[in-house]
Amino acid sequence: MKTFQISLLLLMIVLNSSAQEKAVSRYSFFSTGFSQLKEAANFGLVFNGPAINYGMTWNLRNEKRMITYGYELGVGIPFSKNIPALDIYLKPINVAYMFRFPGLHSRLYIGPDLKFEYNYTLYPQLQSGFDYWFTNFSLGIKAHYAFTYQNSAFQIAVSSSLAGFISRQPDYRDPYFFDIGFKYAVRDLHKNLVFGSFEKYNTTDLEILWKPVSKSRLTFGYEFRYAGYYQAPEFKKVSHSIKILFSNKSK
């Protein structure tokens, strides 16, 4: 319930601010790529495989600030030694409030970045009904830079977590008893949240977008994403994705 209340408050702030912005753009996107994850609690095996994601983003911008809001849902099927796994990714909230940095012709914006992020994985052939997760509610920093070259438009965005609340499955669980199902997954993803910073975890994203024709509603991009949890049980995930974005007309 607290998570929902915070989400609603953030949406109200963004929508209230949008009426005062100079430019509003919205786009949906699909991305497909390759992900690699290593779960220490799963014998330390490295799983690799394809993933596909869908999401939407709103950009609200004027001469002094830029506000971005987005959400994303993805699923992957990684393999290790021909053993499949199911990897689910959910980011219901990602809000950044950035201010224009002096110079560089007003193209650089920097500011705080808030996101709720869930990684949920099942290894049915190895771990029966046990689920594995890494949840982070993080406050970080984001930078966004846009420029044009000839008739093309480019955008580069980098974000990294600074501190937040994290949830992980325990290092040891009774091997004879487990719960699985939607309601148990929701319960587990929010279990035993603890506060931490760089000593416990980090998430970092890099996105590069290219619009080949300035008036085109199609944009192409590349995204690199990293997530790491450094205490027992350790967890690391890296993904590379190619994105296609479908933009609505700016207001």
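No value in this document is a laboratory result; all are computed from the given coordinates. Please read all numbers here as calculations on a predicted model, not as lab measurements. We place every Cβ from the backbone using ideal geometry, glycine too, and count neighbours over all the protein chains shown.
Tabulated data for the structure shown
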| read-out | value |
| --- | --- |
| Ala96 vs. criteria assigned to a loop (DSSP other than H, G, I, E, B), in contact with a strand residue (DSSP E or B) (Cβ under 7 Å, 6 or more places away or on another chain) and surrounded by 14 or more Cβ atoms within 10 Å (Cβ to Cβ) | no |
| Selection count, region 210-237, where residues are closer than 13 Å to Arg168 by Cα and charged (D, E, K, R) | 2 |
| Residues located in region 184-210, provided they are assigned to a helix (DSSP H, G or I) and among the hydroxyl-bearing types (Ser, Thr, Tyr) | Tyr184 |
| Residue among Lys142, Lys91 that is out of contact with any Ser or Thr (no Cβ under 9 Å at 6 or more places or on another chain), closer than 23 Å to Tyr230 by Cα, assigned to a strand (DSSP E or B) and not hydrophobic (A, V, I, L, M, F, W, C) | Lys91 |
| Options Phe134, Phe101, Phe116, Phe147; residue that is more than 27 Å from Phe182 (Cα to Cα) and surrounded by 15 or more Cβ atoms within 10 Å (Cβ to Cβ) | Phe101 |
| Matching residues, region 131-154, being touching a residue at least 60 places away in the same chain (Cβ under 8 Å), in contact with a strand residue (DSSP E or B) (Cβ under 6 Å, 6 or more places away or on another chain) and more than 30 Å from Val194 (Cβ to Cβ) | His144, Ala153 |
| Check on Gly164, under 20 Å from Thr68 (Cα atoms), surrounded by 15 or more Cβ atoms within 10 Å (Cβ to Cβ) and in contact (Cβ under 8 Å) with a residue 24 or more places away in the chain | yes |
| Residue within region 207-226 that is surrounded by 19 or more Cβ atoms within 10 Å (Cβ to Cβ) and of a type in the set (Phe, Trp, Tyr) present | no |
| Leading residue by the ranking (farthest from the chain's Cα centre (by Cα)) among those in region 58-80 that are within 30 Å of Trp133 (Cβ to Cβ) and in contact (Cβ under 8 Å) with a residue 40 or more places away in the chain | Pro78 |
| Members of region 60-84 that are within 24 Å of Leu126 (Cβ to Cβ) and either among the charged types (D, E, K, R) or not in a loop (DSSP other than H, G, I, E, B) (or both) | Gly74, Val75, Gly76, Phe79, Ser80, Lys81, Ile83, Pro84 |
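Residues are listed down the side, and each one gets a yes or a no for (1) farther than 15 Å from His240 by Cβ; (2) in contact with an Asp or Glu (Cβ under 9 Å, 6 or more places away or on another chain); (3) not in a strand (DSSP E or B):
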{"residue": "Phe29", "(1), (2), (3)": "yes, yes, no"}
{"residue": "Ser35", "(1), (2), (3)": "no, yes, no"}
{"residue": "Phe43", "(1), (2), (3)": "yes, no, yes"}
{"residue": "Ala51", "(1), (2), (3)": "no, yes, no"}
{"residue": "Tyr54", "(1), (2), (3)": "yes, yes, no"}
{"residue": "Trp58", "(1), (2), (3)": "yes, no, no"}
